[in-house]
Structure formats: structure tokens, C-alpha cells
1. If you take the C-alpha gyration tensor of the protein assembly as shown, multiply each eigenvalue by 5 and take the square root, what semi-axes do you get, largest first, in whole Å?
2. Taking the Cβ of A:Gly135 as the center, what net charge do the other residues with Cβ under 13 Å away carry, scoring Lys and Arg +1 and Asp and Glu -1?
3. Helix A:345-365: angle to the longest alpha-carbon principal axis of chain A, degrees 0 to 90, nearest 10?
4. Using the Karplus equation 6.51 cos²θ - 1.76 cosθ + 1.60 (θ = phi - 60°), what ³J(HN,Hα) coupling, rounded to whole Hz, does each residue of segment C:304-311 give in order, writing x for Gly and Pro?
5. When every alpha-carbon pair in segment B:90-199 is counted, what percent end up more than 24 Å apart?
6. Pick from C:Val88, C:Val223, C:Val65: which residue has the top mean-square fluctuation in a GNM of chain C where Cα pairs under 10 Å get a spring?
7. For segment B:320-367, what does the alpha-carbon gyration tensor say about shape, rounded, prolate or oblate, given a ≥ b ≥ c as the root eigenvalues, a/c under 1.5 as rounded, and a/b over b/c as prolate?
8. For a Förster distance of 56 Å, can you work out the FRET efficiency between the beta-carbons of C:Ala155 and A:Asp23, rounded to the nearest 0.05?
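Bear in mind these aren't lab numbers, they're just calculated from the coordinates by the rules spelled out. Every value quoted in this text rests on a predicted model; they were computed, and no experiment measured them. Don't worry about glycine lacking a Cβ; one is built from the backbone with ideal geometry, like all the others, and counts go over all protein chains shown.
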Amino acid sequence: MTRPSDAIIAAAQRGAATMAQRDTPFIFNEWYVAAFSAEVGRDLLGRKLLGKNVLLFRTQEGRAVALDDRCAHRSYPLSAGTLEGDTVVCGYHGFRYDASGDCIQVPSMSVCPRAIGVRAYPIIERGLLLWIWMGDPAQADPGTIRDTSFMESDAWVCSSGYFNLQGNYVSLHENLMDLTHLSYVHAKSFGTPEYAQAPYVTSLNDGHYKVTRSVVPTLLPPVWGDPSGLSGVPTAARIATSEFLSPAFHQVGTSFYDSALPDDERRVCSIRTAHLPTPETNGSTHYFIIHGRDFALADASVTETMHERLFMAFREDVEALGKLERVLESTPPEELYEISVTSDGPGVAMRRYLFSRAKSESDQSQD
Amino acid sequence: MTRPSDAIIAAAQRGAATMAQRDTPFIFNEWYVAAFSAEVGRDLLGRKLLGKNVLLFRTQEGRAVALDDRCAHRSYPLSAGTLEGDTVVCGYHGFRYDASGDCIQVPSMSVCPRAIGVRAYPIIERGLLLWIWMGDPAQADPGTIRDTSFMESDAWVCSSGYFNLQGNYVSLHENLMDLTHLSYVHAKSFGTPEYAQAPYVTSLNDGHYKVTRSVVPTLLPPVWGDPSGLSGVPTAARIATSEFLSPAFHQVGTSFYDSALPDDERRVCSIRTAHLPTPETNGSTHYFIIHGRDFALADASVTETMHERLFMAFREDVEALGKLERVLESTPPEELYEISVTSDGPGVAMRRYLFSRAKSESDQSQD
Amino acid sequence: MTRPSDAIIAAAQRGAATMAQRDTPFIFNEWYVAAFSAEVGRDLLGRKLLGKNVLLFRTQEGRAVALDDRCAHRSYPLSAGTLEGDTVVCGYHGFRYDASGDCIQVPSMSVCPRAIGVRAYPIIERGLLLWIWMGDPAQADPGTIRDTSFMESDAWVCSSGYFNLQGNYVSLHENLMDLTHLSYVHAKSFGTPEYAQAPYVTSLNDGHYKVTRSVVPTLLPPVWGDPSGLSGVPTAARIATSEFLSPAFHQVGTSFYDSALPDDERRVCSIRTAHLPTPETNGSTHYFIIHGRDFALADASVTETMHERLFMAFREDVEALGKLERVLESTPPEELYEISVTSDGPGVAMRRYLFSRAKSESDQSQD
């Protein structure tokens, strides 16, 4: 038998028409990670973000600056120029821009013409991260940047990593919302069959999608059991939450404790991972990751072991999403369909949200 | 003088408008070679055929299976998954498909939803070859697969080869219909000037195009003369036929004998080559070849010598058609024209046939 | 502040709408350099010019020939064939063309059909250069080829070079019209800040754009000062002219002399560079260069030093224009704008001229 029927495919395609996918326009009115704070300094750094070429650098005082990476005069990349004090000098004709994007000197003219400039993007530093706003500047409210204070807290030890994912950011978000892939993509790292079938509860609010999965009682694998002191404890609990917080931020948290103890005697150990995707193009993504734990803080070997283990798993996702992208980009739209199942509920809700955000921006810009 | 005139070019372009070329849609209602039988086993093999990603494998009993190489759930390539028994498990979320393409397990669900599946393609094994039907399954009649029984016959010794031709399959077919290129493309291998000018008879029926070229008397080159015992015989006959049998099959046969002997005393030696093109993309072709002879069967050195000699010549065609493709793909359609001559008759008839087959399918699918 | 305003950008885009840029159609009714004379001989040379594949070779008598590099029969590249006497034999089916592009032999036919042929382009040899006309042959007047007699004169010593510029030819022309980039692109070679600010006079006639820049008095750098005998002379004059002569020819000349001497006692030393861009594609250019001087003629070491120094600078332009092209090709047209300043006047006038030439041809071909 050849499946599925044309009717099934048509229904799947109708359903997908309001779900974000690789060709959905980017959402600009949002804070995205432009770079790790440590990446940006006194060298000019050019980086493509949301399909646009952006120049990043710091002023002499250390303030981060983001400008369009294209001279307003003849389109030469400013990142190929030089940084002099707090100004950027174009490498072609020497047009000089200040940190607000205003052109303040045209070498061939005694008086600099007014109204030459390049776009400056609001950029905010929060601990390890630089957040950029590439949409309507009037709507750029730093108060909407999600909380990342655990990264700087003494109660946590963190490590970070980056992948240039050769896949679209929507697929990455859906991958993160979904725990049923663990047993397959991560069969060799930390997937276990019980995980795919574990019960879960979802909380699907507009723009905030959360899946909580409880595995109680369970036996922890050594990577978590050893540093948390729960190795060999048959009554361990493993409570995982996976939260879409914004198009630029997905947080995964897991808590471990001995479920045999009463609530007030429990010592809860937590790990937390901030997954921070910033679209580069419609088929590639800057994938920033910061991982932390709140136990065994002084033991550097735990940091190293956990980092290795986790980033091996993240790399598995990156490779799988790359293979997926190759299929998506080479399949004619009319032949493409996705059939969703119950466990896709949170991912589908999230993708509908991304689609509606993109559509809303697109409608506004056409007003 | 600058030639040809606009009128000549316009006429040539009008004539070409009903001849298949690189951008003509593929013909789907046809049996094509998907792979040599020996290529497909218990490893998952992904291969692009007629522009579509296809998964090939064998069941435990050895039956060949062809499925769409894209999970119906989230488009992950099934060829990146695993084969368990007679089922394919997707490497992303573990959706399990049977050999008919039906999804029989979704790990996150206790009951597998109905109506999830991927397309299964009819696939038939005939000796050394696996034939796939990618068009309307209702029309898939194994009886229309062309006869290849010589490949398995004790009366023949065969060898096989494959090229990933970086050119379109229409150009390859036309190359095979045409013997006037031998003296040029194969000047260094087995072309001789007399061949280009040898008389020929054609038989052009709808879907079956045959050119027969007789060179009698002639002196055979050593590669044919030695094993056939006709070396040095000045009255040798060399009768070559080139037959288009289907969009997926072109057969070339040559017979040698001593024309000085009466019919009933002649010992006829024959060689036969099945040229089996399967489009990969509009600019690339899986070019399967099986070559056989019905003489000197026990002499393995003849097999080796003939294989080397022939495949060197086939490689010359592959390289020439690659150069041709680079011109075709880089020339704007409005500037392209082809002026045909008498000897192109069979090729032109064949190309008109391919065009009408493609157009007929396209008309049907729009009904 | 984020700049520039939408109104400024819209005005800039309106202004640019009549200026040639990378996507403006090529101008065909013009003589372009097809090759250095020394490049073309008795080997078949295929080269893409103005987006078309052209075959170049010489007859036995040494006359240069330019034909379409595509057989009229089945589009095989003629440059992959062979040159026999004054005829080109296609490497596929042996169609033979004479130097006028007429097909004079089809091997499979006893009588060659008439009216088969490929386009022949007018091509004229002038000293070191071969000039090709790819437009309307009726308009091909060799009298409009610009004067390059200095290249063959005993009064000059010349050297030549070539770059395959990965940028469009319009950007190269604008780069050549403009001397304000010297201090930036050539900061490490021969740019000096005073050059960017030096006064200049322009002469902007339809199709002839000239900028003259006088730096008097000045101290010459050793590269010019030593061979001209003006090293250390504080009253040296340096008069540079930059002239757009045609879409295919931009000439830069510089004269040096001691401004303290009366006119009739001055010994004027001159250098002259012919910049000869021929579009290859809309994003790449054959950049031919011939540089000469009329002093220190016998000193070969001066030739070597000047060549090294100058071509290092030209390479800087080539690299800068390549970076610029990467921005232009990756920026959506609606986001692209260029804000011009006073010193861009000659370049803008030249680009409007190129645009009007291209538009005029396009209008004609649609008649």
C-alpha cells in the first residue's frame, strides 16, 4: 500500500500553512543574542544576523555597538575598515562614523554633509550575552529581555558553547520543545527509551510553551548521579522542563532529588541550559548555548565532564538538523508535508505563534 | 559573414520546441533502473532518482524495497535511520515504517495513528538490475520491463559499470542513437573515419528507434578480431545496431562474421551493451551499463580487455556530455538553438517521442 | 540616533535608478579587449565575454578570429574541438567551421548543408591588444577604437598585467574615476592624505569624463622621484588625470616636473596606465592593464620596480572591489542605497552615461 492519501497530505499541508517553517520571514521585533560578550572587543566583527550584515565592536569605554555593516556611500563593508577611537573609518573612501551610526567625516569635503549615516541597532549587554534588537527601534524595551541572572550568580557554575547550525531556527526550536527524539538522536549519548514514553504535562500560553516531564522513581545515570550524590539511589526523581521563552530563547531545566525523602529534607540539584538561536539565514542559525548547574560547584572536573557530555548531545542535534535541512531545501513545496502527532502539540503551538508573530510584522510593514 | 540568420535560428527553435531537452519534465510512468541488484542490501541506501529522494533496502527475505526517503512526520531522511528486521526506524523520533511504507509505530503513542506513511514505489528485481516505477502505480506493469535475459544467460559473459554523468539523460540518449560522433569523441579509442560515413538503415516506430550500420567487408581491429578468430580476415562483416527501447534503456549490439562464407557456415560473434540511464536531476544522470559477449566465454582476459576498452570509450562520452551540459546550463534559452542534419533523424524522432510522453503526463496531472 | 531617514534613502534610491550598477545590462555596441594579443595563437581559447562564451584563435596567417563557442548542431563547445588549418572541427560530431563561422563540412553528409554556422565577431588587433565587437555588426567601426599608440611607441616602455576581478565592471570604472580612495585602499602602497584633499578640475562631456588633480609643489616619493631625477626637489609638480574614454577603456596619466623652472626649460616625465575592463559576468570582470612611462627608458630595473609597485596597488583595488561585490550581491535591492557626495560627481555622471547607453540598446532591441 502506498500512503498517505492525497486527502491526508492536503490536510497536513493546510495545517502547516499557519505554522512557521524555514521560509517564514524572520521576526524582527525581538531581542536576539548577537554574540557572547567576550567575542566583541576592539576588533571590528562582521556577522550576519537575521539575514543582515551587522558590524559589532566596543567603544573605548567598553560599550558594545552594532551598526549596519555597509557604508552609506558605496556599500563597502565597514568591518573591512578600521576602528579609531570610538569611530569606524570605511576602508574604501575613509567615511568616518561615530558609534550612533552618524557619518562625521568625509575626507574629500571640508564640511561633512548632514544626513549620511548607517543604521545603529539597540544592543544591550547582560552578563555573558549581548542582545540586539533589529526591528522597530521604538519598540525596543530592554525590560523584555528574558532573565539570565543565573549565569552570573554565585550559586551556579556555567560553561558555554556555539554551533553554526546549518539548519533553520524553527526546526531547532521544535527540536528543543520535543523530548521524544532523545531516544533516537541521542541513543548513543543520554537518550533512554523510558524518556520517550514518560508522561508529561504541557502549559501552552501565548508565547510561552512549557513541557514538564517527570521520571519518578528512576535510577540516575552516573553523569548526574555521581556529582549529585544520588548514584545508586533507586528512588531518584528526574523532573525536566523545556520552555520556549521567546524566538531567541529556549530554556531546559532538570532537577534531581531523592523522592523517598519528605519535601523538607530533600536536597534538590538542578541543571539549566539556555538555548539561544539567532537566525543567520533561512537555512542557518547562530546557536549559542550556556549551561549551568547549582551543585558540586567547586569541582572543576564535573564542569568538564558535563560540558563534554552535553555538547556531544547538542552536536548530535546540530548534525540531525543539518540532515533535515538538506531535505527541506531540496523538496519542492508542493511535495512537502508534515503529519503531526499528539506529542507535537507544544511544538505546533510554538510554530503557530512564530508564524503569527512574523505575519503580524509583515502586515504592519505593508500598512 | 555571420551565420546563421535570424530566420534560420527561429526555425531551429520552433523545431526544437517539441523535442525533449534538459528542462523537459521527467517521464514518470516508466520502469527505470534504481540500482544494480548487488548495491542494495541490508544497509539503507538513499539515492536521488527523477529528482526525488528514494530509500532502497532489502527485507530479511531479500526482497527489494523502495520508499520515499523522507519521514512523513518531520521530513527527516529515513536513510539516516536504521533498518530493524523489515522495518525502517526514523533517526529523529523513531517513527517505524514497514516495507509497504505504512507507519506502524510512533514511540510516544501507545496506539499508532492510522494514515501515516510514506510512498512505496513498485520495484522489481530482474537479474543484475532493480527496476523502479515512480509514476502512477496503477499503470505499473512489470510486463513492460524490457528483456534483459541475456545478462543471466550461460551463453553470455557480462561485466558492468556505472557513471554519475554530469549531464542530462536526453543528451545521453541522443548520443547513443548517433554513430557519427564515434570518429571524433572516440578518435583515440575505437572511432574510425569509415564508421562516420558508413551507410545505415533506420527503423523509427513510436517508442522504438533503431539504426543499423553495416560495414562489409572490413578488417576488424584486434580487440574484436582476436577473440572472434577473425583477425586478418579481409572479408569480415561488422553489423551494428543501436536501439532506443525505452526512456530507461538503450541497447547497442554488434555482430561479426566472415562475409565470404555462406550463411549456413558462418559463425556469428556478438557483443551487446545495455545503456541504462536514470535521470538524477535535470543536469545529472545515473548511467548504468552492462556489457556482454557470446564468444570466447571461458577467456577471462578477453572480458578484462573488452571492459577496459569499452569503458574508456564510455568515459569519453561522459566527459563530452559533461562539457555539453556546461554550455546548455549557462546559455539563456532564447539564445540556444540546434540545427539538425539528416543523420540526426533517429535522435530527433526519439526526442520528439520523449517530449510527447512528458507532455502527455503533464496534461494528465493537470486534469 | 539611527540614520539615514526613510526620505533620504528613498531619494538616494531614486537617484540611483538611472545610474548603472551590477545588474544593468551590458553595453554591446562597443569595442572591448577580448585578450592580450599574445594570449591568442594556434590553440583554441574559450573565454566568457559580456556573458557569452567566445572562441578565440589565429589563422595560419596570424589573423585573430572570434566565434561563438557553441556548435550550431548540438551546442558542444568548439573550444573543446581542434584547429585544423584555418578551420575549427567540433569535438563531438566533427562539424567543420571556417574562420567566418560558416560550417563547411558535416562528416556524415556528402554535401554540406547551407545555412549552418556560428556567429563571428569583428575582432581587430592593435599592438598588444585584441578588440572585439559583440553588438550590432553593422555599427562596428574600427575607427572608434581608442588610441593606444603609446603602447607601441619607441618613446614609451610598457608592462602589462591581468586580474580576474570578482566584481562588476561599473564598480571598477567608478573606482578609477575616483581619487579619494587612494588614501584608504592604498594606504600601504602609494596613498597619501594630501591626495584625497587635493583640488581637482573635472571635464564632464557625454561619454568622456576627466578629472585632473594637481599637487604643486610637492615632494615626490622615491618611486617616481628617483627615475625622473626629481628626488628631493621641493618644487616638484604632480599632475594626474583620470579619464573615462569608453565602457572598455579608462586611462590614467601622471606628469612630473620641476615647477620652479620656466615652461620652456621643464623636462616633463609622464606615466600612463590603460585600465581595460571587459565584463565577464555581472559580478566578474576581465581586468586588462597596460602601464607605460616615457623616461628612464633604458633602465629595466625601473620597469620592474614600477610594475611591482603599481600592480600591488591595483591588486588592492581588486581585493576591495571583491569585498564590495559580496555586499552588493547579498543585499536585497530594496535595502540597497548609495549616498553620493561632491567628489562622486564624475563617477555618477559616468554611471548615468553607462545606464543611458544600456537603456538605449535595450530600447532598440525591443523595437
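1. 54, 54, 24
2. Net charge around A:Gly135: -1.
3. Tilt relative to chain A: about 20 degrees.
4. 5, 5, 5, 4, 4, 4, 5, 6
5. Cα-Cα pairs in segment B:90-199 separated by more than 24 Å: 59 percent.
6. C:Val223
7. Since a/c reaches 1.5 but b/c is at least a/b, the shape of segment B:320-367 is classed as oblate.
8. Taking R0 as 56 Å, the efficiency between C:Ala155 and A:Asp23 is 0.30.
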